[in-house]
Amino acid sequence: LPLEGLQSGGSGPLYLKLRQSLEDAIQSGKLNHGDALPPERDLADYANISRVTVRKAVDDLVRDGLLVRRHGSGTFVVKPVSKVQQSLSRLTSFTEDMARRGLNTHARWLERGLFHPSPDEMMALGLPADALVARLGRLRIADDMPLAIERASISAEFLPDPQAVTSSLYTALDKTRSRPVRAVQRISACNIKDPDASMLGVAVGSAGLSIERVSYLASGRVVEFTRSLYRGDAYDFVAELTLSE
Ligand code: 16G
């Protein structure tokens, strides 16, 4: 593992740097799915940092579902064939989430173009009827497994050329300096009907999670209104709860 020089390279908390190195090792295949992580004591000695720091980095990756602790036998790199554990406290993109797990994403485009907003889009994005909205409809696939159907609506002001989105929407928004910094997400249970069921490769009536995300810029303006349908058998959404003061 490339842990030398953690102390010297760059600024920021050590545990974040360690977390990043471990993530990089998973992504690049230096650590394979199913591999055991070296004991925390060894990692600490080797990188010349405290065990508390190592524990903090590992805790983060366990919380995000990249690593799993097995009682008595150690910490392992999660096999992605199992459910995707998705943190509910971080504003990340699908492409990033999958890349962190070492999975490649691609999309089957269902819709991509500029339209006048529907009443729902007018409400969610705060737009008049004569405005333009970029609509991106995608079947989202990770390593050949269809996981979700997503339909994103973005005011054309932030995404004037929807054809420019070839893979990640958030990367495209980054380029126009309009990547969201905050989002409100609503999740509800549903049964997956056709044609969605056949696109997702599940039986008609299987359990799904219907998710609506409204994302905001730092200025408070709405950037994104996205409706997603996730396979219930492929996703676990995990939230960290703290006792409020
Ligand atoms: C996630 C978001 C979706 C966002 C997309 C961007 C949920 C439920 N939805 O899938 O709102 O548009 O990421 O991903 O998490 P991209 O940058 O890979 O296109």
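The values are calculated or read from the model by the stated rules, or taken from the named source; none is laboratory data. All values reported here derive from a predicted model rather than from experimental measurement. Cβ coordinates were reconstructed from backbone atoms using ideal geometry, including for glycine residues, and neighbour counts include every protein chain displayed. In case anyone asks, the SASA skips ligands and DNA or RNA and just uses the protein heavy atoms, side chains included. Shrake-Rupley method; radii C 1.70, N 1.55, O 1.52, S 1.80 Å.
State all residues of region 146-160 that are over 30 Å from VAL78 (Cβ atoms) and open to solvent by less than 70 Å² (accessible area, probe 1.4 Å); if no residue qualifies, say none.
SER153, ILE154, SER155, ALA156, PHE158, LEU159
Could you tell me how many of the residues in region 201-241 are among the hydrophobic types (A, V, I, L, M, F, W, C), surrounded by 12 or more Cβ atoms within 10 Å (Cβ to Cβ) and under 23 Å from ALA134 (Cβ atoms)?
Going through region 201-241 one residue at a time, the tally reaches 7.
Could you check region 92-145 and list, in sequence order, the residues that are closer than 25 Å to ASP236 by Cβ, open to solvent by 30 Å² or more (accessible area, probe 1.4 Å) and in a strand (DSSP E or B)?
Of everything in region 92-145, those that are closer than 25 Å to ASP236 by Cβ, open to solvent by 30 Å² or more (accessible area, probe 1.4 Å) and in a strand (DSSP E or B) turn out to be THR105, HIS106, ALA107, ARG108, MET145.
Determine which member of the set SER198, SER244 is in a helix (DSSP H, G or I) and over 23 Å from VAL133 (Cβ atoms).
Being in a helix (DSSP H, G or I) and over 23 Å from VAL133 (Cβ atoms) holds for just one of SER198, SER244, which is SER198.
Can you tell me which condition VAL238 does not meet? The list is (1) within 16 Å of the ligand (Cβ to nearest atom); (2) at pLDDT 95 or above, and all the others hold.
It fails just one condition, (2).
Mind listing whichever residues of region 201-220 are within 16 Å of the ligand (Cβ to nearest atom) and in a loop (DSSP other than H, G, I, E, B)?
LEU217
From PHE76, PHE94, grab the single residue that is among the aromatic types (Phe, Trp, Tyr), within 16 Å of the ligand (Cβ to nearest atom) and in contact (Cβ under 8 Å) with a residue 12 or more places away in the chain.
Every option except PHE94 fails the conditions.
Name the pairs whose Cβ atoms lie under 7 Å apart, with the first residue in region 25-44 and on the phi > 0 side of the Ramachandran plot and at pLDDT below 85, the second open to solvent by less than 70 Å² (accessible area, probe 1.4 Å) and of a type in the set (A, V, I, L, M, F, W, C), and 6 or more positions between them or separate chains?
Hits for this filter: GLY34/PHE76; GLY34/VAL77.
Here is a list: THR166, THR176. Which entry is surrounded by fewer than 16 Cβ atoms within 10 Å (Cβ to Cβ), within 12 Å of the ligand (Cβ to nearest atom) and of a type in the set (S, T, N, Q)?
Exactly one residue qualifies, and that residue is THR166.
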